[in-house]
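A short write-up of the structure that comes next.
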Ligand code: GDP
Ligand code: MG
């Protein structure tokens, strides 16, 4: 197709500001999806995405839009996830575009991911078209929010589009502005073919589907191709674009977005960020790739039933095919047996992977508390990476421990600045800056240990600001910290899966609260179970779970049958997620008690 009529754009926004809904309207208005095929957030195809109302995987759809000038443009719309864990998906999508629709909820205003995504778009050199969304809501404050957006982008506040993705109001004007302002792709249509792989997916029947953006030249069905970094060679079985379903075509040319299928069965052969060219007369210089994503949060996953171990391995292998960010290694725990140490981008990513393992693969798992990765220098000069607190070496041998730090941006109404600063101080934060977005809204910057964020920072931030603060962060590097290992003993035996690394100044208080929490989480057993928290050989806290009374229903007054049944059912329910640790039955929630420490 005519390159001058192509417009490639992403929709970017803070989570819940209405990206997917706006994408729905665009697909509907351009008759890309007919009324029968239309449902809310049509691009969120993963079951979990639909249920949680979030976008996890980026999507790319081709849309034909006939503008008021009578010309039909070929738009490629790339919907992106908004959550901080998936920032890498956003930046990859942006690299395949020339423009971005920046959606801001007019009843909320500029939030942390609005800023973060805007910066990514500016960095990628995109034309940014801002719009204020949800104008149909009575609580919308377009004047105030226009001011915030105008300050951010240096635009005229009155020129910012007012829209509603829900009713469709103003959406056409946004598309008009888009075809006017977003430049067409600038690649060389006659050059040696180069396409960047911006996503890839494993399809059970068709093998690897690589999402590509053609930069130069043409790729055709049947072409012998080469992935330049991985040195993979294959033939194109099918080439096409998304409508949003896969639609085969004979070729893709410079500027177009689509997919190729090669019959390859291993996603690592067509890696995200790699450049595709032809085997013969191909390009010699690859396109710039993407930063490799690093897992930042780790936890142990163990099958409740040890016989499920091979199934868990299979399931992890399958998930990894579609999720390059997922990282895992076998782990053996004295307490929990054979399992895996799994690395994630963040807590949401962890949650999602875990839920998929349980749901799509029917596994019952115990997850240990999440931890960050630490670097340790031993007194003999040796360097270690520690992804599991129970692997932390004997303190006598440790010269230095380093932990990942982030630069956090928190946006909030100004009356909450004091309480958020207090929270950041408690979490070992260092003040890094503060400025006003408008008379009322403040952007507060802090350097914080990632481990504190992993703990419960976000929940605390939300609850202390009644939901009004938003958070975004990026990893800035490793810093030396005074960390010690806190161990937990149940019935006198150390439980490796409950160990954690904490800052020395907080270790005693932590130990005490942890022991109290565990005492409440561990059900009564046949005998008393002492719980101890210890740093080395130094016991810092002790609690006891008293032996249980014989009849659980005894405490029900009268003989109310339904009450009794409920209680028994609840007891059965609780049993499901128990793991025998030595002589003690430990429920799943006990392993996560630490997340509620505060
Ligand atoms: P995303 O996370 O940015 O993709 O946001 P979604 O498109 O999933 O929308 C989040 C929520 O806001 C959903 O409940 C939508 O129905 C709602 N929403 C989106 N756009 C509008 C709008 O223009 N008006 C109203 N009233 N609600 C909207
Ligand atoms: Mg969405």
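Taking the condition modelled with pLDDT of 90 or more and part of a helix (DSSP H, G or I), does residue 48 pass? So residue 48 does not fit the description; no. Taking strands (runs of 3 or more DSSP E) as the structural unit, those lying wholly within region 425-496 and holding at least 1 residues that are touching a strand residue (DSSP E or B) at 6+ places or on another chain (Cβ under 6 Å) and crowded, with 16+ Cβ neighbours inside 10 Å correspond to 441-449, 470-480, 483-490. For region 29-45, the condition holds for no residue, the condition being that it is away from ligand 2 (no atom under 13 Å from the Cβ), in a helix (DSSP H, G or I), surrounded by 16 or more Cβ atoms within 10 Å (Cβ to Cβ) and at pLDDT below 70.
Pairs meeting the criteria (first residue in region 398-412 and under 10 Å from residue 444 (Cα atoms), second residue not in a strand (DSSP E or B), beta carbons under 6 Å, at least 6 apart or on different chains) are 409/112; 410/420; 410/469; 411/111; 411/112; 412/465; 412/468; 412/469. Return yes when residue 147 is under 25 Å from the mean Cα position of the chain (by Cα), surrounded by 15 or more Cβ atoms within 10 Å (Cβ to Cβ) and touching a residue at least 60 places away in the same chain (Cβ under 8 Å) and no when it is not. No; evaluated as a whole, the condition is false for this residue. Pairing each residue of region 274-295 that is on the phi > 0 side of the Ramachandran plot with any residue that is part of a loop (DSSP other than H, G, I, E, B), provided the two are 6+ apart or on different chains, yields C-beta distances under 8 Å for 281/192. Residues in region 520-533 that are surrounded by fewer than 19 Cβ atoms within 10 Å (Cβ to Cβ) and in contact (Cβ under 8 Å) with a residue 12 or more places away in the chain: 521, 523, 524, 525, 526, 527, 528, 530. Select from region 230-244 the residues that are exposed (fewer than 15 other Cβ atoms within 10 Å of the Cβ) and in contact with a strand residue (DSSP E or B) (Cβ under 8 Å, 6 or more places away or on another chain) and write down the one among them that is nearest to residue 64 (Cα to Cα). Ranking the qualifying residues of region 230-244, first place goes to 243.
Being at pLDDT 90 or above, within 11 Å of ligand 2 (Cβ to nearest atom) and over 30 Å from residue 190 (Cα atoms) is a description that does not apply to residue 53. Looking across 135, 152, one residue alone is within 17 Å of residue 20 (Cα to Cα) and buried (at least 19 other Cβ atoms within 10 Å of the Cβ). It is 135.
The values are calculated or read from the model by the stated rules, or taken from the named source; none is laboratory data. This is a predicted model, so every value here is computed, not measured. When we count neighbours, we look across all protein chains shown, and the Cβ atoms used for this are built from the backbone with ideal geometry, even at glycine.
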